[in-house]
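The values are calculated or read from the model by the stated rules, or taken from the named source; none is laboratory data. Bear in mind the structure is a predicted one, so any value in this text is a computation, not a measurement. Positions of Cβ are generated from backbone atoms using ideal geometry, with glycine treated the same way; all protein chains shown enter the neighbour counts.
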């Protein structure tokens, strides 16, 4: 209310400076406030400091100005469709990627859990303790890579081959020239997704032991894991035994 009142009371002002408008607001009220800011501050200079990806995306991700102690970087050359995408779907964790030392982009929560597990096994700590973000982006990899390419961010993409490894790799041809963007897609087209990759890396007996199941064949186990992706990944994450991590996941963990 204070922000809204200040804007209404300063009708003649051409510049507004707002510090972290997300503080003390629920997500729905933050949405209302950001919509109000976008509407009432048209044609005027709005300067906002924020730790919220929602605020950043909604008010114009292409207008971000980053300072690294030496120079400033902007995102004003983002493709128009990428800018529009993040404004229409502002819940994506763009700021997490921008502020991280390194990011690993994955398709969903099961992939995220396995990456966390593999990282913990290799480093003895979780990724976030090393300022490494593991972010579920669904199928929006290219939107995030548009940002990573402009800012020269260290980003790894981890995704399924879906039975067409070469085709999936070709989708990222526009980004492989960037030295800090790394694409990790396994070449085994039989192991199409994370679940068969995990079975391949651990074997039937070990997977049954870790999941508390007793499937007689790998196809039966695969059907179970595919139908309960997140639950199985969480069980592996919580299991005290060292699990076999598929090679392409290990490559992304580095």
Hey, among 183, 245, which residue is in a strand (DSSP E or B) and either over 21 Å from residue 156 (Cβ atoms) or modelled with pLDDT of 95 or more (or both)? 183
Given the conditions (1) closer than 26 Å to residue 137 by Cα; (2) in a helix (DSSP H, G or I), every one holds for residue 4 apart from (1)
Consider residue 128 against the criteria (1) under 30 Å from residue 202 (Cβ atoms); (2) surrounded by fewer than 18 Cβ atoms within 10 Å (Cβ to Cβ); (3) in contact (Cβ under 8 Å) with a residue 24 or more places away in the chain; (4) in contact with a strand residue (DSSP E or B) (Cβ under 9 Å, 6 or more places away or on another chain): it satisfies all of them except one. Which criterion is unmet? (3)
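Considering 133, 129, which residue is over 14 Å from residue 251 (Cα atoms), at pLDDT 95 or above and in a helix (DSSP H, G or I)?
Working: 133 fails: in a helix (DSSP H, G or I).
It is 129.
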Which of the strands (runs of 3 or more DSSP E) found entirely inside the range 24-77 contain at least 1 residues meeting this: within 24 Å of residue 5 (Cα to Cα) and without any contact (Cβ under 8 Å) to a residue 60 or more places away in the chain? 45-49
Here is a check on your reading of the model: is residue 110 surrounded by 20 or more Cβ atoms within 10 Å (Cβ to Cβ), in the same structural domain as residue 183 (by TED's automatic domain parsing) and under 24 Å from residue 49 (Cβ atoms)? no
Hits in the range 234-254 (condition: under 20 Å from residue 102 (Cα atoms) and either in contact with a strand residue (DSSP E or B) (Cβ under 7 Å, 6 or more places away or on another chain) or surrounded by fewer than 17 Cβ atoms within 10 Å (Cβ to Cβ) (or both)): 247, 248, 249, 251, 252, 254
Scan of the range 183-208 for residues that are out of contact with any helix residue (DSSP H, G or I) (no Cβ under 7 Å at 6 or more places or on another chain), crowded, with 19+ Cβ neighbours inside 10 Å and either closer than 24 Å to residue 145 by Cβ or outside the structural domain of residue 231 (by TED's automatic domain parsing) (or both), ordered by number: 193, 197
